[in-house]
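*Asks:* The structure follows.
The values are calculated or read from the model by the stated rules, or taken from the named source; none is laboratory data. Just so you know, these numbers come straight off a predicted model, no measurement behind them. All Cβ positions, even for glycine, are placed from backbone atoms using ideal geometry, and neighbour counts span all protein chains on display.
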Amino acid sequence: MNLLHPDNVTFSRSPEGELRLALPDGTEVAPVVCRRLFPLTDPDHYISVQKPGDREQSEIGIIRALKDLPGEQRRIVIDDLQHQHFLPEIVAIEDIRTLHGMDEWRVETDRGPVSFFVSGRKEHMAVTASNMLLVTDIETCRYRISDYTTLPPRERLLVERVLP
């Protein structure tokens, strides 16, 4: 494992918006992408910095903790991470009903109202130890509820009826 020390690397954006990384020896690598190695259980630690390739991504190194990066560097990396993990938060549930073996969810997200279908509860729904619910619809769009146990009683009942 090649750890990238925050004092020795510099992240920047090109005029076109791609993420760049300057290494201690003066080498600049562009473009690079950042990926959380533990996005659900430890999102602020162990960030892999990779060089995109045609068939695979080659890892340049790993940032141990986002908090170790200087302010502007941390903002650039977090911005890159947020653009790669589009995961709308479900803030209210209007209805969940089963139609022809699929569940239709009508919800309000932090990005507005949406309706989607889920097929195969066991394969497309997951609950973490902290009660975060992750749902993947039939178009592979993902949604989350940070803690489904804090939903209002009616909404929580709707969710618990469809949990795997």
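*Asks:* Among the residues that make up the stretch 144-163, is at least one of them touching a strand residue (DSSP E or B) at 6+ places or on another chain (Cβ under 6 Å) and within 26 Å of residue 65 (Cα to Cα)?
*Replies:* The answer is yes, given that some residue of the stretch 144-163 is touching a strand residue (DSSP E or B) at 6+ places or on another chain (Cβ under 6 Å) and within 26 Å of residue 65 (Cα to Cα).
*Asks:* Let me ask something additional. Which residue pairs have Cβ atoms under 8 Å apart, sit 6 or more places apart or on different chains, and have a first residue in the stretch 75-88 that is under 14 Å from residue 44 (Cα atoms) and a second that is at pLDDT below 85?
*Replies:* Every condition considered, the pairs that remain are 85/39.
*Asks:* For the stretch 107-142, name all the residues that are among the charged types (D, E, K, R), outside any loop (DSSP other than H, G, I, E, B), more than 15 Å from the chain's Cα centre (by Cα) and more than 15 Å from residue 163 (Cα to Cα).
*Replies:* Result: 108, single match.
*Asks:* Also: Could you check the stretch 12-106 for strands (runs of 3 or more DSSP E) lying wholly inside it with 2 or more residues that are closer than 30 Å to residue 156 by Cα?
*Replies:* Counting at least 2 such residues, we get 90-99.
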